[in-house]
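Read the figures in this text as sums done on the coordinates, not as results from a lab. All figures in this text were calculated on a predicted structure; none of them were measured in a lab. Heads up, the Cβs are rebuilt from the backbone with ideal geometry, glycines too, and the neighbour counts pull from every protein chain shown.
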Amino acid sequence: MRVDSVKGNYHYAFSMWTDTAPFNNNDVRMALKLGINRQELIDKILSGYGSLGNDHPIGAAYPEHSNAIEQRVYDPDRALWHLRQAGLSSLDVRVSAADAAFPGSVDAATLYSASSKKAGINLQVVREANDGYWSSVWLKKPFVSVF
């Protein structure tokens with residue numbers, strides 16, 4: 001028996017409404033992007049079986065994938081700088097998560113919350129029910145976990 005590990009095309013994400021405050025501010029969005037420790041999520045949620053994404057769903061499994069885009073890395077100091085550019089000293093937001101969104105979604109949101117604290121982001125994880133997630137949370141709440 002031989003087991004091959006191949007690149008997949010799943011894209012796990014935390015999606016936000018960019019037309020709704022505070023997410024309509026690009027500096028707030030950048031703070032949130034820089035306040036997440038992506039490698040920790042791969043190591044702890046995906047048991048190392050994944051690759052870093054860069055806020056778009058075109059991963060290495062797709063022929064359209066580009067290695068030319070510089071990978072964003074966890075940088076709480078730079079995230080805090082972006083919050084200050086947005087006129088904020090800290091940020092309080094809620095993120096809705098359920099394992100219906102993707103396996104380990106609630107744990108991923110919890111890790112996201114922990115890593116973002118260093119950037120002055122207080123991310124409250126709201127554990128939503130798996131049953132009805134796609135009808136009651138997705139496209140109904142402004143910041144959610146999704147694949």
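Some notes on this structure:
- Simple spin-label estimate for Ile69 and Asp107 gives 2.7 nm between the two label positions (7 Å along the Cα-to-Cβ direction from each Cα).
- Derived scalar couplings ³J(HN,Hα) [the range 5-18; Karplus, 6.51 cos²θ - 1.76 cosθ + 1.60; whole Hz; x for Gly, Pro]: 9, 10, 6, x, 10, 6, 10, 7, 8, 10, 9, 10, 7, 7
- Amide H contacts of Val126 (H built 1.01 Å from N, in plane; Pro and chain starts excluded): Val95, Ser96, Ala97 sit under 5 Å, all sequence-distant by 5 or more or on other chains.
- Whole-Hz couplings from phi, Karplus 6.51/-1.76/1.60, listed for the range 47-61; x for Gly and Pro: 6, x, 9, x, 9, 5, x, 10, 6, 8, x, 9, x, 5, 6
- Normalised by residue count, the range 18-67 yields a Cα convex hull volume of 104 Å³ per residue.
- Using 0.36 nm per residue and subtracting the Cα-Cα separation, the extra length available between Leu52 and Phe147 on full extension is 32.8 nm.
- Cα gyration tensor category, rounded, prolate or oblate, for the range 13-147 with a/c compared to 1.5: rounded
- Extension gain, Asp4 to Asp77: 0.36 nm times the residue separation minus the Cα-Cα distance gives 22.4 nm.
- The 3J(HN,Hα) values that the Karplus relation (6.51, -1.76, 1.60; θ = phi - 60°) gives for the range 108-113 are, in residue order, 5, 5, 5, 5, 4, 4 Hz. Gly and Pro appear as x.
- For the chain, the mean residue ellipticity at 222 nm estimated from helices alone is -8000 deg cm²/dmol, where every DSSP H run of n ≥ 4 contributes -39500 (n - 2.57) and the total is divided by all residues, rounded to the nearest 500.
- Placing +1 on the Cβ of every Lys and Arg and -1 on the Cβ of every Asp and Glu, with nothing else charged, gives the range 6-61 a dipole about its Cα centre of roughly 140 debye.
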